[in-house]
């Protein structure tokens, strides 16, 4: 997509960076990675603390490969070792924020289920299967 949707995405990303930098408890303490998923999934910003840098400008183009991006994002979170509600050092559970200027063009549902399972399993006791809401509670509606 081009035009207004990508401008809005970049404005939202800039606002996110500005808000984090203006919040002392977050600046330098929030680990952040940014992936672009128009066509091939690309790491725009590797995982690391957000300090003084400005938000990157994301260019539109190609397909919206949300499923592949979710899978790569989960890999980054899992490799960071911060995929549980508490890692014993008081670090918070990771967040996955998805910003897009278009609807998914790949098979994203399986990866979305992995994200949902990870989010709900983090509060479960060892060996306990998390209670997940039905898929209708979290699937996006079909675009009109």
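The values are calculated or read from the model by the stated rules, or taken from the named source; none is laboratory data. Given the structure is predicted, the values throughout are model-derived calculations rather than measurements. Ideal geometry is used to build each Cβ from the backbone, glycine not excepted, and the neighbour counts take in all protein chains shown.
Observations on the structure shown:
- Single condition residue 4 does not satisfy, out of (1) more than 26 Å from residue 117 (Cα to Cα); (2) touching a residue at least 12 places away in the same chain (Cβ under 8 Å): (2)
- Failed item in (1) touching a strand residue (DSSP E or B) at 6+ places or on another chain (Cβ under 7 Å); (2) at pLDDT below 90; (3) crowded, with 18+ Cβ neighbours inside 10 Å, with residue 101 passing the rest: (1)
- Candidate set from region 52-62 (those that are touching a helix residue (DSSP H, G or I) at 6+ places or on another chain (Cβ under 8 Å) and surrounded by fewer than 14 Cβ atoms within 10 Å (Cβ to Cβ)); member that is farthest from residue 27 (Cα to Cα): 59
- All told, residue 65 falls short of being surrounded by 14 or more Cβ atoms within 10 Å (Cβ to Cβ), over 14 Å from the mean Cα position of the chain (by Cα) and in contact (Cβ under 8 Å) with a residue 40 or more places away in the chain.
- Number of positions in region 52-83 that are outside any helix (DSSP H, G or I) and within 20 Å of residue 7 (Cα to Cα): 13
- Flag: residue 118 matches the condition of being farther than 24 Å from residue 57 by Cα and either modelled with pLDDT under 55 or surrounded by 11 or more Cβ atoms within 10 Å (Cβ to Cβ) (or both).
- For region 1-51, the set of residues classified as modelled with pLDDT of 90 or more, assigned to a loop (DSSP other than H, G, I, E, B) and closer than 11 Å to residue 101 by Cα consists of 37 only.
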